[in-house]
Amino acid sequence: ALLSIPICLAVTVIAMEATQMLAALSSAIGVPMTEELSIVPPTDTAALVLFYLRMTLLPAVMEEMVFRGAIFQSLRKFSDPMALFISAGLFSLAHMSVVKIPYTFLMGLCIGYFVMKTNSLLTGMAIHFVNNAYVLTKELIGSNILAELLPIFQDISSNAMIILGFLALLFLVNRYSGMFTLRPNSGYLRVYEQI
């Protein structure tokens, strides 16, 4: 379960790049889709801790209970692939941001996959929490850093996440055979296919 976190953070970096490419493409064809989010954290230490928890932990717990708990688990009786794609699609739509569809959809797939593999909703909550904390921290540092240093900071943090994710992926693939396979249809649909 712990190795799923760097893998999903690598997916976050890749998905953010896809989101930026979608925004650039939409602007190039005359349909700007950028969303400027100005996050102003409090300066008081206690308020800052509560701010971080509200932005990271609360969404992680609540969204995972809905999307990977209720929706994903209830759809698994039909098939894991269907449950994974539908719950990720609904997760993406619930964020109500056209420009963030690649990001939220890929994260929904990644989180859902590791919840399925570990059979634990806590895995999804942990991944979601760390992902939210990474994105929020990166945005806050990026907004307070010198403009000249911003690309260097972004490149270093992005490359570090991709390398860590790749190493975790290699370890899991070598350690567990069939790590990245989905079970075929089961439950109700399988019965009907045999008739």
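The values are calculated or read from the model by the stated rules, or taken from the named source; none is laboratory data. Given the structure is predicted, the values throughout are model-derived calculations rather than measurements. Don't worry about glycine lacking a Cβ; one is built from the backbone with ideal geometry, like all the others, and counts go over all protein chains shown. Calculation scope for accessible area: heavy atoms of the full protein, side chains included, ligands and nucleic acids excluded. Shrake-Rupley method; radii C 1.70, N 1.55, O 1.52, S 1.80 Å.
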>> Within region 64-74, does at least one residue satisfy the condition of being open to solvent by 40 Å² or more (accessible area, probe 1.4 Å), of a type in the set (Asp, Glu) and within 23 Å of residue 136 (Cβ to Cβ)?
In response: no
> When residues of region 46-58 are filtered for being within 21 Å of residue 122 (Cα to Cα), surrounded by 15 or more Cβ atoms within 10 Å (Cβ to Cβ) and of a type outside the set (Ser, Thr, Tyr), how many remain?
Replying inline: 2
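Going by the structure shown, is residue 93 closer than 29 Å to residue 26 by Cα, open to solvent by 40 Å² or more (accessible area, probe 1.4 Å) and either polar (S, T, N, Q) or free of Cβ contacts under 8 Å to residues at least 60 places away in the same chain (or both)?
yes
Results for (1) under 25 Å from residue 172 (Cβ atoms); (2) assigned to a helix (DSSP H, G or I); (3) in contact with a strand residue (DSSP E or B) (Cβ under 9 Å, 6 or more places away or on another chain), shown as yes or no for each residue.
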residue: 11; (1), (2), (3): yes, yes, no
residue: 30; (1), (2), (3): no, no, no
residue: 66; (1), (2), (3): no, yes, no
residue: 103; (1), (2), (3): yes, yes, no
residue: 123; (1), (2), (3): yes, yes, no
residue: 126; (1), (2), (3): yes, yes, no
> How about region 144-170: which of its residues are of a type outside the set (A, V, I, L, M, F, W, C) and either surrounded by 13 or more Cβ atoms within 10 Å (Cβ to Cβ) or touching a strand residue (DSSP E or B) at 6+ places or on another chain (Cβ under 6 Å) (or both)?
Replying inline: 154, 157, 158, 165
